[in-house]
Every structure is written in structure tokens, then in C-alpha cells.
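First up is the structure itself, then whatever we jot down about it.
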Amino acid sequence: MYALADCDNFFVSCERVFEPSLRLKPVLVLSNNDGCVIARSNEVKALGIKMGSPYFQIKDIVDRYNIRIFSSNFILYGDMSNRIIMTLHKFCNSVEKYSIDEAFLNLKDLNILDYNEFAQSIHKQCKKNVGLPISVGIAKTKTLAKLASRLCKYYPALNGSCVLKKTENIKTVLTKTKIEDIWGIGRKHTMMLHSFGIYSAYDFYIKDPTWIKKRMGITGLSTQNELKGIECIAFETSPAAKQQISVTRTFAAEIDNLEDLKEQTSLYVDKACSKLRAQHSLCTQVMVFILTNPFKQNTPCLYDAKKILFPVPTNSSLEINKNVADTVKEMFRPGVRYKRAGISLSHFVNDKNIQLDLFDKIDRNKHTNLMKTIDEINIKTGKNAIGIASESLKGFKMNRNHLSKHFTTDWNDIIELHC
DNA sequence: TCTGGGGTCCTAGGACCC
DNA sequence: TCTGGGGTCCTAGGACCC
């Protein structure tokens, strides 16, 4: 059996922990740049505000219903997420952190007599330890556990936990679940399935597997099997090293000069490379792209992307930044107003097996030592104390007008109690 | 005026080999 | 008229997730 513990309206709930008066009030969290809605309280959902709605389009409703707005505070959310994971570890050794707000637990080695009780105690402990509401679903496969935890959000009477075990119960639930609400069924497949008269998860459940394989490939077939209680999606205890590390940003204001653009991409390189080094990888490919505002009416979006190949695998911020800066210069078109840029590192190898180049001009040891020292200082200070000289000192060009404090990670922001 | 960011896996098709 | 067969590796793009 697997459990899925999924925090309810995670980002909103994190903000409410430090401002409890917002508990039954409408609250939403915006993406970077205060651009789009990325988390909604139940009250906001009830007002019909959709996930991903651009903020400027819903400002009227926000004002009318006095909705409280927050800019995204990922430092806070990341730390709250770690606290949840720590609590889950008290119940089970096998915890797979699936995303910032949810984790799977592999229950196979536990001797659980009453799954309902077990799920309830996780729910209660998370609330007590971290202050966050969490929905715990338990079932034979990950896909069914997902479904079980989802039920908690629709049926408050379940009080945050649900066990789906008996086939008859599963079939009843599937009949009442829309196919698009199943984990792994996205927009395109929903449209395709609808066109064949498949609307409920149960319609999908009883469909001929050969038909599903033909139209939806192996992943569609896996989803069907998982609904039948046949495990197809493996449990991963230790997180695999990333195969790709990207940093991309939309600018608050358009950038029309090369220097500002390079200052931004230097920041991306710095951020991406420290992640790369943290997982002990080197990369041999970096993709760089710049583009104009794709939403602008009557002006086509200009997009340029270029791939940089490194014959000797590297994780040196300096080496990568030099190449990225040169590439940005090549792609930059004077007079064009850029709105977004990004880089993506890929094709990784372990930093212990480097294939050297006979004609290498770079002193690799020097770079490695320098990077190691920079990382150590930045980890020790907890801030980006040292970076690349070409970086913008002002950081990302980003709007964040409704940012809460870093309550749990910065002494200056520690919560104050007034008695 | 104003529209996020970071990932994974699968598959078809091209390029190449003999 | 008529042009094989079997394989691997890589990549771009699609679909999905949060």
C-alpha cells in the first residue's frame, strides 16, 4: 500500500500559518512578477478564479471581494515543505518527495492494522507540527492513492484522510470521477477520450487495453493498470540526480540593451551552476534563449535560441558564463525589446569521471577550487554573498509587491509575539 | 500597462552502421 | 516498371506533472 500526503492549497496555507487571521478569508498567491495566480484558497476557488489567471485580468474581483494577495515566497514554501517531510519521516522511512507540496510513503514494511487510523494520525501530526492542512490518501497504487487524497479535498467529512482498498468502493469512486481528474490524463488525452465517449474514470477503466495502448502509448496503459490496482509507477526513495537544470525569467520591464540582458543571464548561470555542482554533475550542453513579449498584439514574438557544446564537461560558472554572454551577444538584435530569457544545462556526467581534452586551455583545477570556495561561502552565509562580476547587483528584474517575510529562514524576519 | 517557472518520460523520425 | 533488411543512437517535439 502507498500513501500520498498532499498539502491543501499549499502556498496559501503557508502564508496563513504566519497570518492566522486570514484563515477563512479569500487568499491567493501570484507567480514571479506578480503575473499569474498559482495558488488559491477555497474561498477564491469558489469565486471562480482559475489557476493561472493573469492578475491584471482579475483585479476587479480581487478588489470587490477584498481578496488578500501574496507574491510568491519560495524560500518560505521550500522550508515549510522540508518540515512536512520531516514529520512524514516519523511515520515511515520510505518517503518520496514528489513535489514541493506532496510526498508518497511506501507502507510495505510497516505493520499497519488500521489504515484509516494511520492516515488520520499523519493528518493530525502535520497540522500540529507545521500548522499545515494535509490530505492523506492510501491505496494499492500511486494513482489510486492520488485519487484517494483528492477525495479528501471534496468531502470535508473525511477530515483529511481516505483509504481506497475494496474493489467495489474503487469502482464506485471511478464512476463519479471525471477522466480528466485522474493523475496522468491531461488536456489532449481528455479531448481525445471524450471524442470516443469516455467521460468517467470508470469508462476508461473498462476500455480495451489494446485500444488504450494504441492511442495513448505505454503511459496511458500504465494509468489504466494503476487504476486496476496493478503497480506500474515505481516508488523512488532517493531522488535521482536531475537531467536538466533550467533558470528562466520574465522581466518586469522589457530590456533593450545588451549589457542589462547579460547581467540577467549571468544571474541565471550562477544559480544553475551552483545547483549543478550541488548534485556533483558537469554538463556538456547549455541552451540559451531570449524572446520578446509573446502576448503583445500585432507584433510577432521574436525568439532566438542557441545551443553551446562543451567538449570538456564543466560546472564552472565562469566558463559557462563567458560562453553564454558571447552567445547572447551573437543573438541580440539592436532595437528589439526583450521580455524573457533563460538558460538550460543538460547532458550531465558525474564530476568524478571527466574526459579530458588534450588541447584544453583551461586550468580545470583552479576553476574547481574556486567554485568550491564560492559554494562554501554562499552556503555558510546563507545568501549569495559571492557571484560572477557581470551579474546584476540588483538581482532579477522582478515585481514582488506583496511579499511576506522569510519567517523561518532569516533571523531578521523571525516572528514577533505581542502579549 | 499587466500573462510563471521547473521538471520528466515517451515516441517518431533522421542519421548512421553493416 | 522494378532499388533490402536489420539494427542503434540521438533529437525534437508532444504530453504530462507540480
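Every number in this text was worked out from the coordinates using simple rules, so none of it is lab data. Fair warning: this is a prediction, and the values are worked out from it, not measured in the lab. As a convention, Cβ positions derive from the backbone with ideal geometry for all residues, glycine included, and neighbour counts pool all protein chains shown.
At a glance:
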quantity	calculated
Distance violations [Cα-Cα > 23 Å] among A:K140/A:K176; A:K128/A:K165; A:K97/A:K262; A:K275/A:K372; A:K50/A:K275	A:K128/A:K165; A:K97/A:K262; A:K50/A:K275
Mean-position separation - Cα centroids, the stretch A:273-339 and the stretch A:83-154, in angstrom	40
Spatial extent of the stretch A:244-381: Rg and Dmax, with the Cα atoms as the point set, Å	16.1, 52
Likely footprinting exposure, A:L267, A:L221, fewest C-beta neighbours within 10 Å first	A:L221, A:L267
Of the trypsin sites (Lys or Arg not before Pro) in the stretch A:17-96, those whose Cβ has at most 15 other Cβ within 10 Å and which sit in DSSP loop	A:R23, A:K50, A:K90
Value of Rg to Rh for chain A (Rh from inverse mean 1/r over Cα pairs, i.e. Kirkwood)	0.99
Magnitude of the charge dipole, chain A, Cβ model with Lys/Arg +1 and Asp/Glu -1, debye to 20	880
